[in-house]
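First comes the structure, then the notes that go with it.
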Amino acid sequence: MRTATEAVRTHRLRSALTMLGILIGITAVILTVGLGNGAKAEVRDQIDELGTNLLVVSPGSSTDSDGMRGGFGSASTLTVQDADALASADVAPDVEAVAATSTASVSLVAGDANWTTTLTGTTPSWQEVRSREMTSGRFLDDDDVAEAAMVVVLGPDTAEELFGSTTQAVGQQVAYDGRTLEVIGVLEALSSSEQTTSNDVAIVPQTTYAERLVGGADRDAVDAIYVKASGESTLSAAYQEAQATLLNLHGSASADDADFSIATQESILAAATEVDQTMTVMLGGIAVISLLVGGIGVMNIMLVSVTERVREIGLRKAIGARPRHIRQQFLVEASVLGLAGGLLGVVLGGVGAIVLPSLTDARVVLSAPASVAAIGVAIGIGVLFGVYPASRAARLAPIDALRNE
């Protein structure tokens, strides 16, 4: 091991260039796994935030003509009446609460402050369905909806941006497109591990949204309907009840013909995981190519090393070294190169995991088993691509080696 380390240190620049491919490959592996874990954690946090007993009804069929799922970007086929029907205990006894929502990106103004946020039109049941608490003031009530009141509940981030504090926002006014809204409450902040967009919202009564602010050709249309089952054990029953009710209201014979789709939180997680796996395969391919390049670099440097050390090999054989001893020495040197590249790759991947979230919205969750496995792969690459040079060195005849100058 000492001899192998000395051989690597003797040609530092050459060794560094040899390790570069392995280093890049291992760094890519660490970040790929970390990004995948981060994406899964984000979705899991959102599910924990909303609850596992939540259904999300979105406009558009389950699959369109291209085989892609419909979603929030589809033309609206849902209405306030659909939400009212689902909220009926007679129609859907396993449904605890229902909230229809419509959303738009708007700019709100408060004094000199101007902030772009997500304006959400909904009903009082939204607070129960989304499991949100208030940090100050109150949430929407039935009177606000009935009167299409010009009131708004702000997310904590929105309140901070517009008023500099969540405690000073209640009772203040914000303007949108020349119309004034009174702030009646501020939502409690979600933890930093959860999606920050949930903290940046402005919530108004559904009627206010449709009739006095954003509107549209069909003022009864909504972008989504959130359905909360009475419990996790009744989620399947609530799903069947919601589907049957909407199929009847929309005149559809079956779910395949429906102009809406219903997703559970677990199905959303599964879809996100599928997308993540596709990205992981793509990024993993880049990592594999880098590792192969690194392996070829190891083989090249070892072949050069064999050529330069022919006389040394001859002397060792002349004093009794067997071919397996020569082979072992060169394999250890190759594994040292792989180990060094792997360790540096893990360190660089860790640095990337710290820097990347500060530059982008990406979340990186490092995995200790993945790091250990990556180092093992790096050593394996070094040994694998060091076999041929080591065997070539072991086959040298002592007389021929000593004759070489």
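Among the residues of the range 42-87, count how many are polar (S, T, N, Q), outside any loop (DSSP other than H, G, I, E, B) and at pLDDT below 70.
Looking only at the range 42-87, we keep the residues that are polar (S, T, N, Q), and these are 46, 52-53, 58, 61-63, 65, 74, 76-77, 79, 81.
Next, only the ones that are outside any loop (DSSP other than H, G, I, E, B) stay: 46, 58, 79, 81.
Still in the running and at pLDDT below 70: 46.
Residues in the range 42-87 being polar (S, T, N, Q), outside any loop (DSSP other than H, G, I, E, B) and at pLDDT below 70: 1 in total.
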task: May I ask you to verify whether residue 355 is assigned to a helix (DSSP H, G or I), without any contact (Cβ under 8 Å) to a residue 40 or more places away in the chain and either under 26 Å from the mean Cα position of the chain (by Cα) or surrounded by fewer than 19 Cβ atoms within 10 Å (Cβ to Cβ) (or both)?
output: yes
query: What about residue 179, is it in the same structural domain as residue 218 (by TED's automatic domain parsing), within 11 Å of residue 201 (Cβ to Cβ) and either loosely packed, with under 15 Cβ neighbours inside 10 Å or at pLDDT below 95 (or both)?
result: no
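I need the full set of residues from the range 97-116 which are touching a residue at least 60 places away in the same chain (Cβ under 8 Å) and surrounded by fewer than 20 Cβ atoms within 10 Å (Cβ to Cβ), in order please. Give the steps one after another, and end with the answer.
Here is the first cut: in the range 97-116, the residues touching a residue at least 60 places away in the same chain (Cβ under 8 Å) are 97-104, 106-110.
Of everything in the range 97-116, those that are touching a residue at least 60 places away in the same chain (Cβ under 8 Å) and surrounded by fewer than 20 Cβ atoms within 10 Å (Cβ to Cβ) turn out to be 103, 104, 106, 107, 109.
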- line: Filter the range 152-194 for residues that are more than 33 Å from the chain's Cα centre (by Cα) and assigned to a loop (DSSP other than H, G, I, E, B); the one that is nearest to residue 133 (Cα to Cα) is 170
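For residues that are of a type in the set (S, T, N, Q) and surrounded by 15 or more Cβ atoms within 10 Å (Cβ to Cβ), tally how many sit in the range 358-383. Please lay out each step first, then the result.
Within the range 358-383, the first condition is being of a type in the set (S, T, N, Q), and the residues that meet it are 358, 360, 367, 371.
Narrowing further to those that are surrounded by 15 or more Cβ atoms within 10 Å (Cβ to Cβ): 371.
Of the residues in that region, 1 qualify.
So which strands (runs of 3 or more DSSP E) stay within the range 95-139 end to end and still have 2 or more residues that are in contact with a Lys or Arg (Cβ under 8 Å, 6 or more places away or on another chain) and modelled with pLDDT under 95?
Working: elements: 95-110, 113-122, 134-137.
Hits in the range 95-139: 95-110.
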field: Members of the range 20-41 found to be at pLDDT 80 or above and of a type in the set (A, V, I, L, M), listed by number
entry: 20, 22, 23, 24, 26, 28, 29, 30, 31, 33, 35
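The values are calculated or read from the model by the stated rules, or taken from the named source; none is laboratory data. All values reported here derive from a predicted model rather than from experimental measurement. Note that each Cβ is placed from the backbone with ideal geometry, even for glycine, and that neighbours are counted across all protein chains shown.
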